[in-house]
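Report on the following structure.
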Amino acid sequence: MRAAVMGSPIGHSLSPHLHRAAYRAMGLDGWSYEAFECDEARLPGLLAELTPVRGQAGDDGRAWAGLSLTMPLKRAVLPLLDTVSDLAVEVGGANTVVFRDGRRHGDNTDVYGIERALAEAGVPAPRSATVLGGGATAASALAALRGLGLYSATLLVRDPARAGETAAVAERLGVALAVETFAKLDARIDVDLVISTLPSGAADAFADRLARVPALFDVVYAPWPTAAATAVRAAGGIVVGGFEMLLHQAVRQVQLMTGVTDVPVEAMRAAGEAELLRR
């Protein structure tokens, strides 16, 4: 069986190391996992080229089992799928495509990854939370907060006018969302949990101010730790990094693509950490 990760840029992706480690530990010798550079314009054609897919005529045992999707494809893939999970519809993005019965099924494992990363770090269910950034990962963060029982949150972005898609996600999720600019940061981080979905380096300017939060989830995984993570940890707060999210969303992807529930998390963790050290 074959699987792959797609996105642009894709050269930095840890997904091949995580998935291949799972296959090795599970004894799935006939499974392979590749990486394809793919932007939104190329996505429809590349999806069509993946033949045969599992369950399709001509499936000779080397069929495509599934795909991992990273930016900028999570939203662009939705109209190209045969079915989409309720969660992926709510979040407005699918980071996983599973081929089954010759059809394309979209799902979202980012939400699971966030929830598991927070639980693993011992972060208690928050009574209040602020999310930094308004992209696809922010949408998944809102869904994760809902899964933890929180139905209201604040979103801090540079331009509220560009946060319309994430605000629409909050409405579908039933999460009351206050959208503010970063100028309101000091007034909006007196919360139990801050989730930064900003790209690497973008939250560094806020590090000293974020130090007072009791828990920070920073989705950056390289370079690590970020300035914000270092500040929060030095002040005694709980810090969760992006690697843990990436690990657990990949665990769920392996489950969906292989049909095996007992996935070797620690083998995947070791492989990912070793690759980060190598870099």
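Remarks
- The sole residue among Leu47, Leu118, Leu87 that is open to solvent by 10 Å² or more (accessible area, probe 1.4 Å), outside any strand (DSSP E or B) and hydrophobic (A, V, I, L, M, F, W, C) is Leu87.
- Candidate set from segment 50-66 (those that are among the small types (Gly, Ala, Ser) and under 18 Å from Met257 (Cβ atoms)); member that is surrounded by the most Cβ atoms within 10 Å (Cβ to Cβ): Gly66
- Options Thr261, Thr230, Thr197, Thr226: the member that is open to solvent by 50 Å² or more (accessible area, probe 1.4 Å), in contact with a helix residue (DSSP H, G or I) (Cβ under 9 Å, 6 or more places away or on another chain), hydroxyl-bearing (Ser, Thr, Tyr) and over 20 Å from Leu67 (Cα atoms): Thr230
- Scanning segment 64-100 for residues being at pLDDT below 95 and more than 16 Å from the chain's Cα centre (by Cα) gives a total of 1.
- Tabulated pairs, segment 17-31, first closer than 16 Å to Thr261 by Cβ and touching a residue at least 40 places away in the same chain (Cβ under 8 Å), second β-branched (Val, Ile, Thr) and open to solvent by less than 60 Å² (accessible area, probe 1.4 Å), C-beta under 6 angstrom, 6+ apart or interchain: Ala22/Val254; Ala22/Val263
- Residue ID - surrounded by the most Cβ atoms within 10 Å (Cβ to Cβ), chosen from residues in segment 32-44 that are in contact (Cβ under 8 Å) with a residue 24 or more places away in the chain and part of a loop (DSSP other than H, G, I, E, B): Cys38
- Qualifying position, being at pLDDT 95 or above, within 27 Å of His17 (Cα to Cα) and open to solvent by less than 20 Å² (accessible area, probe 1.4 Å), among Gly113, Gly133: Gly113
- Residues of segment 210-237 satisfying the condition of being touching a residue at least 60 places away in the same chain (Cβ under 8 Å) and either farther than 13 Å from Val191 by Cβ or β-branched (Val, Ile, Thr) (or both): Val219, Tyr221, Ala222
- Count of segment 246-258 residues which are touching a residue at least 24 places away in the same chain (Cβ under 8 Å) and open to solvent by 20 Å² or more (accessible area, probe 1.4 Å): 4
- Unmet requirement for Arg20, which otherwise passes all of (1) of a type in the set (D, E, K, R); (2) part of a loop (DSSP other than H, G, I, E, B); (3) open to solvent by 40 Å² or more (accessible area, probe 1.4 Å): (2)
The values are calculated or read from the model by the stated rules, or taken from the named source; none is laboratory data. Worth saying up front: this structure is predicted, and the values here are computed from it rather than measured. Quick reminder, even Gly has a Cβ in these numbers, built from the backbone with ideal geometry, and neighbours come from all protein chains shown. Just the protein is used for accessible areas: all its heavy atoms, side chains included, with ligands, DNA and RNA removed. Shrake-Rupley method; radii C 1.70, N 1.55, O 1.52, S 1.80 Å.
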